[in-house]
Amino acid sequence: MAGLAALGLAVLSVYEWRRNSRITELPARPPREYKNHIHHFLTALEKDAPFDAALLEDTFLFIQKRYDCADFWITGVLRALYAYGDKLEKYRVGLSDDMKNTVLGFKYHWDQKGRDSLCTWSENHQILFAGAEYLAGHLYENEIFTNSGRKGRYHKQRGKKRILMWCTRRFKYGFTEWYSNNYYREDVAAMSNIQEFAPDGDVRNAITQIMHMIFFDMATQSFKGSFVSTGGRMYEDNKKSGRLGSKLNGIIAHAFEMDRVNNPSRPHGIDVNFLLNKAYALPEVIKQIAHDTKPVIIKASNSMDINEGIKNGVFGPGDEQLAAQWEMGAFTNHQVYKYTMSGVLRNDMLCSQFFTPLKKLNFTIMKPFYNIIAKVINPVVNGKATQRANTYTYRTPHYLMATAQKYQPGGFCDQQHIWHVTLSHDVCVFATHPAGELEESGALSNSPGYWVGNGRNPHAMQHENKILAIYHLPEKKASYERKRFTFTHAYFPMDKFDRVILDSTMAFGKLNETYIALISATPFEVSGGDELKQYGKKQFWVCECSSSETESFADFVKRIRACKVGFDGRFLRWGDLNLKYKGDFYLKGCAQLTQYKRYDSPYCIGERDADAFIYQMNGETMEVRL
């Protein structure tokens, strides 16, 4: 019997190998450039301005072909139908029907018909797809949606359920793509349309509360209108400049009634969905927090650790559990890999460019061992999981410093940005361990890359104006890692400072009345005009800021040069701060907490499982509650 069973498994495995080899990967990106003019059209509709409707053909075709990010584009189509439906035929006869047919034929969730490489699962995509399905289902409640064969009311209820679940997770755990000045824009655009057009009061209330919460994030993590902080998903340009990198400048200026941090090269895109919103009113207390200039320490926690998600039953094989797991990018991590495989196979997703590599393990004989295999292989893509970030931000009138405290030290890192300093709209400083060669594509570089994410996370900790970060560089490449780099580097744009002093292990910068110092473990080399490299298997960066309110630049340089630093590979001492790699952080000999409440600052104090949060500023308060 054992022999027959073994033969049966062998035959089955051969069949499955042949089946897997026939799975064709579908491209996420189109073979040619598609020009999206839907957002320009929305602006024209609002102003009753002329517009050539023929320019929308690429928009419709891109959505119909289901290329990745089609949900960004259909969001604008739905706003046009809801807010300006009576104007559409003035621009072209039949335009309303073209939009309607595009909406009726779309795929709104990973469990619906059709093979493609749509990314439907990240945090911003989930609310975009859910919101689009809900609004489309309501708009065409009695129409048949051609992709599903079901009526609109069916899609409306599906979308509503996912919206409310998404809001509940944001309320309880915060954003998995924490403080992302790239993807918060997509969240706001999706929520704005739902908030303005939702027919159901419970949906409108839930979305409105989460909009308050995301704007609270922006208010507490912005510096004079530049929203550049630590972040769960950030690209090269997002880190290097608030003016050129933050995608939220228009939204922040509009919401907080600030002068826009101007970037003439970036016209409005998906953010138009918020800029044209006529229903949402940002609470005054959040505006005041954004304008606050007093020195302040802001602690918070966002997302959850994988083990926390399993323990709380948030992760699992069900669709809602997969939504919670996948929105944080947890796919191949050994604790949840079996759930990923079951979801991918159940929903026929192996043809997706994002999941095709998993076909190598699509064998019945391997199913009982999925999690063990994932643990043994431990691929570098495990770093995609944006796990719990306990963030510490110190904001003063002169600078903002922010750190994800003790974030997965030594672990893989995809797009997470661990520590950051913002000195002005144009000047930012940070360090990373490169994970790929320098690419011309910048913001679209592979993740992790030269400036995107890290090859290995540092153990970074911050207290007020000081950041300590220890880096242990890998001895060998991990599974699927592109290259192993033996240096870390700091982004230090020397030509943008008023004055720069470079010593062998110390770099000083003066910008107006603000000062910054970077200290390295080994002598650094200067590369170009903005990069400082240091080599060594075990190393550190220390960053400290000051200003003319405290001391002169000369005194600052003198004090930093005199400060004692100690480092033996595991322990880093800087003044009265001590950090042990993967261990505790001490201030004057007292261990500091590294797990924070949901909110802990003068603006709000609240636990992660709170029923409500109170935001406060200048004697004004407001409650956020689902």
Q: Could you check, for region 421-443, whether at least one of its residues is assigned by TED's automatic domain parsing to the domain that holds Gln534 and part of a helix (DSSP H, G or I)?
A: yes
Q. So which of Tyr407, Tyr392 ends up being part of a strand (DSSP E or B) and aromatic (Phe, Trp, Tyr)?
A. Tyr392
Q: State yes or no: is Arg482 assigned to a loop (DSSP other than H, G, I, E, B), in contact with a Leu (Cβ under 9 Å, 6 or more places away or on another chain) and in contact (Cβ under 8 Å) with a residue 12 or more places away in the chain?
A: no
(Q) Under 7 Å between Cβ atoms, which residue pairs at least 6 apart in sequence (or on different chains) link something in region 336-356 that is more than 19 Å from Lys375 (Cα to Cα) with a partner that is not in a loop (DSSP other than H, G, I, E, B) and not hydrophobic (A, V, I, L, M, F, W, C)? (A) Leu350/Thr356; Leu350/Lys359
Q: From the list Glu320, Glu308, Glu257, Glu284, pick out the single residue that is charged (D, E, K, R) and free of Cβ contacts under 8 Å to residues at least 60 places away in the same chain.
A: Glu257
Q: Name the single residue, out of those in region 96-131 being more than 26 Å from the chain's Cα centre (by Cα) and surrounded by 21 or more Cβ atoms within 10 Å (Cβ to Cβ), that is farthest from Tyr67 (Cα to Cα).
A: Met99
Q) Does Leu350 count as outside any helix (DSSP H, G or I), more than 22 Å from the chain's Cα centre (by Cα) and not small (Gly, Ala, Ser)? A) yes
Q: For region 278-295, state whether one or more residues are over 26 Å from Val77 (Cα atoms), among the polar types (S, T, N, Q) and either part of a loop (DSSP other than H, G, I, E, B) or modelled with pLDDT of 95 or more (or both).
A: yes
Q: Please find, within region 444-479, the residue that is modelled with the highest pLDDT out of those that are in a loop (DSSP other than H, G, I, E, B) and hydroxyl-bearing (Ser, Thr, Tyr).
A: Tyr450
Q) If you check Thr486 against the conditions, is it β-branched (Val, Ile, Thr) and under 25 Å from Lys564 (Cα atoms)? A) no
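Yes/no matrix, rows are residues, columns are (1) part of a helix (DSSP H, G or I); (2) acidic (Asp, Glu):
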| position | (1), (2) |
| --- | --- |
| Ala6 | yes, no |
| Arg32 | no, no |
| Asn36 | no, no |
| Leu42 | yes, no |
| Ala54 | yes, no |
| Glu57 | yes, yes |
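Yes/no matrix, rows are residues, columns are (1) within 22 Å of Phe72 (Cβ to Cβ); (2) part of a helix (DSSP H, G or I); (3) not aliphatic (A, V, I, L, M):
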{"position": "Gly159", "(1), (2), (3)": "yes, yes, yes"}
{"position": "Lys172", "(1), (2), (3)": "no, yes, yes"}
{"position": "Ser192", "(1), (2), (3)": "yes, yes, yes"}
{"position": "Phe215", "(1), (2), (3)": "yes, yes, yes"}
{"position": "Met218", "(1), (2), (3)": "yes, yes, no"}
{"position": "Ser229", "(1), (2), (3)": "no, no, yes"}
{"position": "Asn238", "(1), (2), (3)": "yes, yes, yes"}
Q) Does Lys406 satisfy the criteria of being surrounded by 20 or more Cβ atoms within 10 Å (Cβ to Cβ) and either in contact (Cβ under 8 Å) with a residue 24 or more places away in the chain or touching a helix residue (DSSP H, G or I) at 6+ places or on another chain (Cβ under 9 Å) (or both)? A) yes
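The values are calculated or read from the model by the stated rules, or taken from the named source; none is laboratory data. Keep in mind it's a predicted model, so treat the numbers as computed, not measured. Counting neighbours? That spans all protein chains shown, and the Cβs are built from the backbone with ideal geometry, glycine included.
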